[in-house]
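Peer 1: I have a structure here, written as structure tokens, and I will follow up with some questions on it.
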């Protein structure tokens, strides 16, 4: 407790389902005959994963990263409990600006910067999903 490792373990424990569930859905939709065809054509396990499984599961990876990134940026309770407010994340700083320092202008500015990062993440996800759908249609 009160170490950066404790915060990382707590955040992984908290946000792991948000990454695993989209990956599971994405991997479950991959047709097993495609993997069998890759093995029949001489691809090894690593080649099959790199060229078949990972590209087909990329929408799940991107969705999972987004589902983890957004709440991980804004969390402040995990680092407050496991880090005893010694290790600060951006969520802790924003919370302290509003509650302890009463500097609402700085807290609002930091919140807007955080919101820009979240919007950029959503835009990148939207473009990558659109590109994935276009590649699906082309093939």
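The values are calculated or read from the model by the stated rules, or taken from the named source; none is laboratory data. All values reported here derive from a predicted model rather than from experimental measurement. For neighbour counting, all protein chains shown are included, and Cβ atoms are generated from backbone atoms with ideal geometry for every residue, glycine included.
Peer 1: Return the only residue of 71, 55 being modelled with pLDDT under 90, in a helix (DSSP H, G or I) and closer than 25 Å to residue 134 by Cα.
Peer 2: The unique qualifying residue is 55.
Peer 1: Hey, another quick one. Would you mind stating whether residue 10 is closer than 20 Å to residue 135 by Cα and within 19 Å of the chain's Cα centre (by Cα)?
Peer 2: Answer is no for this residue.
Peer 1: Name the residues in region 35-52 that are surrounded by 13 or more Cβ atoms within 10 Å (Cβ to Cβ) and in a helix (DSSP H, G or I), would you?
Peer 2: The answer is 35, 37, 38, 39, 47, 48, 49, 52.
Peer 1: Say whether the condition of being within 26 Å of residue 127 (Cβ to Cβ), surrounded by 14 or more Cβ atoms within 10 Å (Cβ to Cβ), within 19 Å of the chain's Cα centre (by Cα) and at pLDDT 85 or above is met by at least one residue in region 100-112.
Peer 2: no
Peer 1: So which residues in region 54-70 are within 12 Å of the chain's Cα centre (by Cα) and without any contact (Cβ under 8 Å) to a residue 40 or more places away in the chain, if there are any at all?
Peer 2: If the condition is that a residue be within 12 Å of the chain's Cα centre (by Cα) and without any contact (Cβ under 8 Å) to a residue 40 or more places away in the chain, then 60, 61 are the ones that fit.
Peer 1: Can you confirm whether residue 30 is surrounded by 14 or more Cβ atoms within 10 Å (Cβ to Cβ) and under 30 Å from residue 107 (Cα atoms)?
Peer 2: no
Peer 1: Looking for whichever is closer than 22 Å to residue 123 by Cα and in a helix (DSSP H, G or I) here; the options are 82, 21, 16, 5. Which one fits?
Peer 2: 21
Peer 1: Next up: Going by the structure shown, is residue 132 touching a helix residue (DSSP H, G or I) at 6+ places or on another chain (Cβ under 8 Å), at pLDDT below 85, farther than 24 Å from residue 21 by Cβ and part of a helix (DSSP H, G or I)?
Peer 2: no
Peer 1: How many residues are in contact with a helix residue (DSSP H, G or I) (Cβ under 6 Å, 6 or more places away or on another chain) and either without any contact (Cβ under 8 Å) to a residue 12 or more places away in the chain or closer than 21 Å to residue 69 by Cβ (or both) if we restrict to region 26-53?
Peer 2: 2
Peer 1: For region 96-125, name all the residues that are farther than 20 Å from residue 68 by Cβ and either out of contact with any helix residue (DSSP H, G or I) (no Cβ under 7 Å at 6 or more places or on another chain) or in contact (Cβ under 8 Å) with a residue 40 or more places away in the chain (or both).
Peer 2: Residues satisfying the conditions are 96, 99, 100, 101, 102, 105, 108, 109, 112.
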